[in-house]
1. Select, from A101, A106, the only residue that is aliphatic (A, V, I, L, M) and free of Cβ contacts under 8 Å to residues at least 60 places away in the same chain.
2. Given the criterion touching a Leu at 6+ places or on another chain (Cβ under 8 Å), more than 19 Å from G239 (Cβ to Cβ), touching a residue at least 60 places away in the same chain (Cβ under 8 Å) and open to solvent by 40 Å² or more (accessible area, probe 1.4 Å), identify the matching residue among D128, D119.
3. Please verify whether segment 197-211 includes one or more residues that are closer than 30 Å to T171 by Cα, without any contact (Cβ under 8 Å) to a residue 60 or more places away in the chain and part of a strand (DSSP E or B).
4. Tell me, yes or no, whether segment 202-220 has at least one residue that is under 22 Å from L66 (Cβ atoms), open to solvent by less than 10 Å² (accessible area, probe 1.4 Å), of a type in the set (F, W, Y) and in contact with an Asp or Glu (Cβ under 9 Å, 6 or more places away or on another chain).
5. How many residues are over 17 Å from G172 (Cα atoms) and either touching a Phe, Trp or Tyr at 6+ places or on another chain (Cβ under 6 Å) or of a type in the set (G, A, S) (or both) when one looks only at segment 212-227?
6. What pairs come up if the first residue lies in segment 36-65 and is assigned to a loop (DSSP other than H, G, I, E, B), the second is open to solvent by less than 100 Å² (accessible area, probe 1.4 Å) and charged (D, E, K, R), and their beta carbons are under 7 Å apart, counting only those six or more places apart or on different chains?
7. Filter segment 135-174 down to residues that are without any contact (Cβ under 8 Å) to a residue 60 or more places away in the chain and closer than 12 Å to F196 by Cβ, then give me how many there are.
8. I need the full set of residues from segment 66-80 which are open to solvent by 20 Å² or more (accessible area, probe 1.4 Å) and in a strand (DSSP E or B), in order please.
Amino acid sequence: MKLSHKLCGAALVAAAGVALAAPNTTKAVDNAKTGTGHIEFTFDTGTSGVIPTDPGVTDGTTITNLPSVTNPGEFGIIAITPLEFESHDVLTANTKRDYDASLFKANPGSTEAGTEEFDVQNFVKYQDLRTQENHAYKLSATLTQQFTDTASGYALNGSSITYKNAHLTQTGSPELTPDASELTTQGTISEATPTFDFLSNTGVDGKGYGQFELNFGDKTTGNESVTMNIPTSTAVGAGDYNAVITWTLSETL
């Protein structure tokens, strides 16, 4: 009886061993569920988000006296500094035919913090905030009215404006600044060639997105970076001469 009992016990142990060695053939079950992520950006159609400041300075002084500051929407020109070639004696034109535009005087007479008076180079401020990957565009200047005396209608025919030392500034991501190779640093507009393209941005990898200033010189060289030339063949009489320069941001290169 003892032997029989031992054999039965051995058989049970052997059976248990077989059961433990058998592979687990139960199939794993995948259990997945998707979630969501969300973020929204809105566009401010007011002018508070486009008020010009000292170009390229994150906490720059606000400029309150630029004429016709507008929010162009997602794409367009925000502001342009008016070119001031100052007043000269008419006899000066006998020997002097080139006149440099002065630095733009921002906030004249102001001492209030954040809007203090300061001199700044002439510039054009624009923005491209379109919701798209490619931000291709062209920025151009056109002489749409020659320097003309308001009272008499007499024009300084043949006069031209040459912009020099052009460069871009912005306070956004530097990786999105258009390549320097796509910017022409000097150009002239006149009756003969009224339009000049300063920037032809291909917009690859989002470059060109944001708010930018096309500057002519800086606070040191800005007073010699925009020059008006009157041909020696044009008589210069006393008068108050005004020109119109139209800046255009175009989606077509």
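1. Numbers: A101 fails: free of Cβ contacts under 8 Å to residues at least 60 places away in the same chain.
None of the others qualify; the one that does is A106.
2. After applying the criteria, what remains is D119.
3. Yes, that holds for at least one residue.
4. yes
5. Number of matching residues: 5.
6. F43/E74; P52/K125; P55/E213; G56/E213; G60/D54; T61/D54; T61/E116
7. Of the residues in that region, 1 qualify.
8. Of everything in segment 66-80, those that are open to solvent by 20 Å² or more (accessible area, probe 1.4 Å) and in a strand (DSSP E or B) turn out to be F75, I77, I80.
The values are calculated or read from the model by the stated rules, or taken from the named source; none is laboratory data. Quick caveat, the model's predicted, so the values are computed rather than measured. We place every Cβ from the backbone using ideal geometry, glycine too, and count neighbours over all the protein chains shown. Side chains are part of the model used for accessible areas, which takes the heavy atoms of the whole protein and leaves out ligands, DNA and RNA. Shrake-Rupley method; radii C 1.70, N 1.55, O 1.52, S 1.80 Å.
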